[in-house]
Amino acid sequence: MRRVPMQPDDTRTAAPGSEDLPILVRRTSFFERRAVRQALPWVVIAGMFVFWEVFVRVFSVPEFVLPAPSAIFHELWRWRVPILENSWQTLMTTLVGFAFAIVIGAIGGVALGSSRIIYDGFYPALIAFNSIPKVAVIPVLVIWFGIGTVPAVITAFLLSFFPILVNVATGIATVEPELRDVLRALGASKRQVIMKVGLPRAMPYFFASLKIAMTVAFVGSIVAETVAANAGIGHLMLVASSRFEVPLAFAGLIVTGLMGVGMYVICVAIEQRMTGWAMRGSDGVAFGN
């Protein structure tokens with residue numbers, strides 16, 4: 001018996017609105033991916049704390065060795081007023097040093113990236129200076145400025161200055177020579193090339209360096225406060241450690257981490273606002289969300 005091939009039924013019509021289903025599916029999956037990405041950091045953090053708590057309780061780790069998160073949060077609430085006062089001191093110290101690092105690092109980066117003579121003359125010295133442990137500089141700063149806020153500000157500046165300088169210089173120096181030659185042939189001055197092409201090209205590098213510099217600025221402030229300060233989270237942690245109040249010391253670490261994450265989020269938000277054109281992925285979602 002001969003088998004007759006099936007022919008598509010041309011009389012059937014698509015359901016009203018069915019042509020919009022692929023668009024709706026894409027939109028739904030987009031929002032689902034975005035929601036998962038936004039919730040994932042909180043899930044990971046919560047999982048880390050749960051694992052930490054279970055580990056300490058199962059293995060009966062002494063509190064002076066590794067306190068449980070419950071003990072840390074208890075001390076965080078118990079000493080909330082001193083912690084807030086010292087956190088404010090550390091935050092202000094870090095922001096002042098970070099602000100100086102942004103200004104001087106950006107200006108120095110433009111100078112290094114736009115002039116080969118300045119680059120060849122200063123870059124080796126900057127590398128040598130950045131290789132010096134900043135902890136070794138703090139005693140000298142104490143001799144010059146005394147114990148207090150100034151050494152912490154300078155230490156935060158010294159640690160966060162170099163990443164900004166190098167990244168801005170890299171962004172300006174990597175402008176294509178062909179593009180630079182074309183602009184010069186069209187009558188643009190060297191300053192106009194830097195302002196119109198070099199600086200926009202350096203913006204992604206600049207904001208990438210800010211996210212690194214902000215975290216190391218907190219490191220500089222905390223280290224200086226443990227050595228040469230009478231206020232701040234570093235000083236609080238030093239006092240807590242001397243009294244074997246380890247949960248309070250860990251509470252200071254958590255507060256420092258929260259401040260660092262907060263400043264990082266602010267930097268990312270500004271970066272997306274200023275350089276969103278350079279951060280788009282193939283799915284239309286800016287990396288870093």
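The values are calculated or read from the model by the stated rules, or taken from the named source; none is laboratory data. Just so we're clear, the structure is a prediction, and the values are computed from it rather than from any experiment. Please note: Cβ atoms are built from the backbone with ideal geometry, for glycine as well, and neighbour counts cover all protein chains shown.
Take the residues in the stretch 59-79 that are part of a helix (DSSP H, G or I) and either among the hydrophobic types (A, V, I, L, M, F, W, C) or within 26 Å of the chain's Cα centre (by Cα) (or both); name whichever of them is surrounded by the fewest Cβ atoms within 10 Å (Cβ to Cβ). Explain how you work it out, then say what you get.
If we filter the stretch 59-79 for residues that are part of a helix (DSSP H, G or I), which is where we start, we get 69-78.
Still in the running and either among the hydrophobic types (A, V, I, L, M, F, W, C) or within 26 Å of the chain's Cα centre (by Cα) (or both): 69, 71-73, 76-77.
Numbers: Pro69: 18, Ala71: 18, Ile72: 23, Phe73: 16, Leu76: 18, Trp77: 10.
Filtering first and then ranking leaves Trp77.
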Discussion item. Can you confirm whether Val150 is of a type outside the set (Gly, Ala, Ser), more than 23 Å from the chain's Cα centre (by Cα) and modelled with pLDDT of 85 or more?
Written reply: yes
Discussion item. Quick check on Ile132: is it part of a loop (DSSP other than H, G, I, E, B) and surrounded by fewer than 17 Cβ atoms within 10 Å (Cβ to Cβ)?
Written reply: yes
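Sort out which residues of the stretch 256-271 are touching a residue at least 40 places away in the same chain (Cβ under 8 Å) and β-branched (Val, Ile, Thr), and write them in order of number.
From the stretch 256-271, those touching a residue at least 40 places away in the same chain (Cβ under 8 Å) are 256, 259-260, 263-264, 267-268, 270-271; that's our starting set.
Across the stretch 256-271, the qualifying residues are Thr256, Val268, Ile270.
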Worksheet item: For residues in the stretch 217-243 being among the polar types (S, T, N, Q) and touching a residue at least 24 places away in the same chain (Cβ under 8 Å), which is surrounded by the fewest Cβ atoms within 10 Å (Cβ to Cβ)?
Response: Asn230
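Might you check whether a residue that is more than 17 Å from the chain's Cα centre (by Cα) and farther than 27 Å from Glu53 by Cα occurs anywhere in the stretch 243-252? First the steps, then the outcome.
Here is the first cut: in the stretch 243-252, the ones more than 17 Å from the chain's Cα centre (by Cα) are 243-252.
Next, from what is left, pick out any that are farther than 27 Å from Glu53 by Cα: none.
No, the conditions are met nowhere in the stretch 243-252.
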Response to the item:
Picking from Leu186, Leu258, the residue that is surrounded by fewer than 14 Cβ atoms within 10 Å (Cβ to Cβ), modelled with pLDDT of 90 or more and not small (Gly, Ala, Ser) would be Leu258
Worksheet item: Does Leu238 satisfy the criteria of being closer than 26 Å to Trp79 by Cα and under 20 Å from the mean Cα position of the chain (by Cα)?
Response: no
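Matching residues to (1) modelled with pLDDT of 85 or more; (2) of a type in the set (S, T, N, Q); (3) in contact with a Cys (Cβ under 7 Å, 6 or more places away or on another chain); (4) in a helix (DSSP H, G or I):
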residue: Thr94; (1), (2), (3), (4): yes, yes, no, yes
residue: Gly108; (1), (2), (3), (4): yes, no, no, yes
residue: Gly113; (1), (2), (3), (4): no, no, no, yes
residue: Tyr123; (1), (2), (3), (4): no, no, no, yes
Item to complete: Look through Pro133, Pro163 and report the one residue that is within 24 Å of the chain's Cα centre (by Cα) and modelled with pLDDT of 85 or more.
Response: Pro163
